[in-house]
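The values are calculated or read from the model by the stated rules, or taken from the named source; none is laboratory data. Since we're looking at a predicted model, the values are computed, not measured. Backbone-built Cβ (ideal geometry, glycine too); neighbour counts: all protein chains shown. Surface areas here come from the heavy atoms of the whole protein model, side chains and all, with no ligands, DNA or RNA. Shrake-Rupley method; radii C 1.70, N 1.55, O 1.52, S 1.80 Å.
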Amino acid sequence: MKGGIIAVLFLFNFSLIASSLAPIKDCYSYQANHGGVLIFNPKDQTEKRFAFYHFAIFQCPHVFDVLAYVTPPPQVQKLLVDNHSNATKLYSAMPSIVLRDLALGKISSFSSDVYDGFLDNVVLSNQEFKVIKIAKGREFDLQNKPQKLTYEVFFSKGTNHVILKHLIVSPPEFDQVLLGQLSFADPKINNSFFAKFERNFPLLLTFPKLDNTYANRIPIGENVLSGLLQIPSKGIVESVQVEIKTGDQIYPGKGQYNGDGLDDFKTLCPGKQNWDLCAGL
């Protein structure tokens with residue numbers, strides 16, 4: 001009898017050890033549905049006029065801030081082009097992918113239905129998007145937020161019509177994506193800068209007179225705002241005075257579409273935790 005008890009205890013303890021040594025299903029490698037807004041910049045005549053921006057959330061497996069330039073299929077392009085004059089119109093997609101792979105540029109294409117609004121109704125089924133370039137693919141890591149209102153500016157070579165996205169660093173946060181036209185206070189800089197400028201990452205645009213709050217976000221409609229563009233040059237970063245003429249708001253990120261998780265989750269759910277402890281969406 002004692003031998004049987006010892007054997008049972010041994011097997012029980014071994015099973016605990018084995019389960020603790022079993023590989024944890026970390027959410028970095030977890031394939032999931034990832035919703036995002038489809039962006040069309042009508043004033044940009046380059047291949048970067050279409051983009052996919054992931055609805056970033058401070059919860060695994062969505063903890064990557066990703067904006068990818070894409071080539072949609074012709075019928076999706078027509079849908080976006082025909083409706084771009086409607087400033088309140090939003091189209092979205094939700095591919096089933098490993099988001100980290102997209103952030104690292106390891107995905108060359110993805111399939112998704114196209115939705116009207118914030119993943120509301122399917123308007124086009126099973127559409128194939130070609131990924132041209134990852135403009136940004138960063139994992140949230142709880143850095144200190146800037147005190148002043150700060151946006152990321154995504155450029156295409158040869159044009160000053162840009163995509164603006166509020167810089168997201170750590171929760172609680174807010175998201176906002178809109179189009180704009182950027183010009184330098186010194187007109188001599190404009191032609192040379194936009195003719196030559198091509199970056200694989202966005203530049204930061206800071207508004208020194210505005211605190212970094214949702215109430216101070218860039219207002220909707222045609223407005224001209226002054227700010228400082230942070231331009232890296234020869235190992236240093238120069239702050240250059242610019243003006244931004246705002247255009248259509250692509251994604252409000254809060255309120256109109258019931259929030260996007262940036263404000264709801266107060267703490268970051270790290271990807272190194274067990275999936276069962278860190279699952280949400």
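The set of residues in the stretch 214-250 being farther than 27 Å from P42 by Cα and either in contact with a strand residue (DSSP E or B) (Cβ under 6 Å, 6 or more places away or on another chain) or open to solvent by 70 Å² or more (accessible area, probe 1.4 Å) (or both) consists of A215, K234, G235, I236, V237, E238, S239. Before we move on, is F207 of a type in the set (F, W, Y) and modelled with pLDDT of 70 or more? Answer is yes for this residue. What are the residues in the stretch 135-174 that are β-branched (V, I, T) and not in a strand (DSSP E or B), if any? Answer for the stretch 135-174, where residues must be β-branched (V, I, T) and not in a strand (DSSP E or B): T159, I168, V169.
Taking the criterion of being crowded, with 23+ Cβ neighbours inside 10 Å, part of a strand (DSSP E or B) and modelled with pLDDT of 90 or more, would at least one residue in the stretch 23-34 satisfy it? Scanning the stretch 23-34 turns up no residue that is crowded, with 23+ Cβ neighbours inside 10 Å, part of a strand (DSSP E or B) and modelled with pLDDT of 90 or more. Summed over the stretch 48-80, residues that are farther than 11 Å from V131 by Cα and either at pLDDT 90 or above or outside any loop (DSSP other than H, G, I, E, B) (or both) total 14.
Selection of first residues in the stretch 225-240 that are within 14 Å of P202 (Cβ to Cβ) and of second residues that are modelled with pLDDT under 85 and crowded, with 17+ Cβ neighbours inside 10 Å, restricted to Cβ pairs under 9 Å at least 6 apart or on distinct chains, gives the following pairs, ordered by first then second residue: I231/F193.
Could you say which residue among F155, F184, F140 is buried (at least 21 other Cβ atoms within 10 Å of the Cβ), of a type in the set (A, V, I, L, M, F, W, C) and more than 22 Å from G35 (Cβ to Cβ)? Just a single option satisfies the conditions, and that option is F155. Candidates are the residues of the stretch 94-116 that are part of a strand (DSSP E or B) and in contact (Cβ under 8 Å) with a residue 24 or more places away in the chain; the one that is nearest to K245 (Cα to Cα) is D116.
Restricting Q59, Q45 to residues that are open to solvent by less than 30 Å² (accessible area, probe 1.4 Å) and more than 17 Å from Q249 (Cα to Cα) narrows the list to Q59. Within the stretch 117-134, being over 16 Å from A51 (Cα atoms), part of a strand (DSSP E or B) and open to solvent by less than 80 Å² (accessible area, probe 1.4 Å) holds for V122, V123, L124, S125. Among residues that are modelled with pLDDT under 90 and under 27 Å from E243 (Cα atoms), E139 is not included. Considering (1) open to solvent by less than 50 Å² (accessible area, probe 1.4 Å); (2) of a type in the set (A, V, I, L, M, F, W, C); (3) free of Cβ contacts under 8 Å to residues at least 40 places away in the same chain, the lone condition that L79 does not fulfil carries the number (3).
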